[in-house]
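The structure under discussion appears below in the form of structure tokens.
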Amino acid sequence: MSGLKIPLSALERGEHEVDITLPETGLRPQGAKALEIGLTRIQGRLSSVEPRFVFIGTLTGEYLRPCDRCLVATQVQFKLDVIWTFEQGPAPGLAEAVAESDDEGFADDESETVYFDGSELDLASQAWEELVLFAPSKTLCDEDCAGLCPQCGANRNSAPCNCGGEPPAVEFGNSGFSGLVNLFPDLDPKRSKE
Ligand SMILES: [Zn+2]
Ligand SMILES: [Zn+2]
């Protein structure tokens with residue numbers, strides 16, 4: 001058996017321990033955008049709970065991203081507790097799923113079930129989904145990161161820069177408005193009187 005595709009035969013005794021550490025390339029589906037993560041450890045137990053299979057475990061690792069302000073490589077640790085439910089066979093139609101949830105009050109559980117074909121469970125695609133959901137939208141090396149100087153590009157966390165700092169005043173002559181006046185002379189009261 002390789003990686004995170006678990007053959008159902010591994011569950012003959014009802015349980016299967018998983019403890020795998022993989023680089024991002026071992027998890028990323030073909031064509032998916034890179035998440036910039038380091039090694040991810042997927043640890044837990046897959047159990048057969050007729051008619052389903054349940055994985056209860058933890059994903060640990062770190063996102064490796066440049067700080068949004070100063071671009072320094074920054075590690076954002078994650079430790080995610082996950083419960084994934086799998087069921088073999090085609091997904092039930094919507095009507096069926098609704099009827100079932102009415103009977104058993106399992107609306108949330110039902111919608112979380114992953115249906116699969118064939119004789120193996122793919123934990124990798126579930127792990128990838130969790131990592132996409134949890135990916136930070138912002139990365140800061142520190143809450144108080146001072147960022148780069150917009151003038152000279154120096155990292156203001158390491159030393160104050162010497163460039164004098166203030167951004168140049170915008171010259172009106174180069175502004176978008178003067179360009180508009182050239183395109184539409186009627187906007188300029190001086191020119192429209194002819
Ligand atoms: Zn920073
Ligand atoms: Zn500067």
Grab the beta carbon distance between GLN43 and GLN88, set R0 = 30 Å, and tell me the FRET efficiency rounded to 0.05. 0.80
Descending packing, highest mean Cβ count within 10 Å first, for 118-127, 133-142 is 118-127, 133-142
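To the nearest 0.05, what FRET efficiency results for THR58 and LYS138 with a Förster distance of 35 Å applied to their C-beta separation?
It comes out at approximately 0.90.
Bear in mind these aren't lab numbers, they're just calculated from the coordinates by the rules spelled out. This structure is a prediction, so every number in the text was calculated from the model and none was measured. Note: ideal-geometry Cβ built from the backbone for every residue, glycine included; neighbour counts use all protein chains shown.
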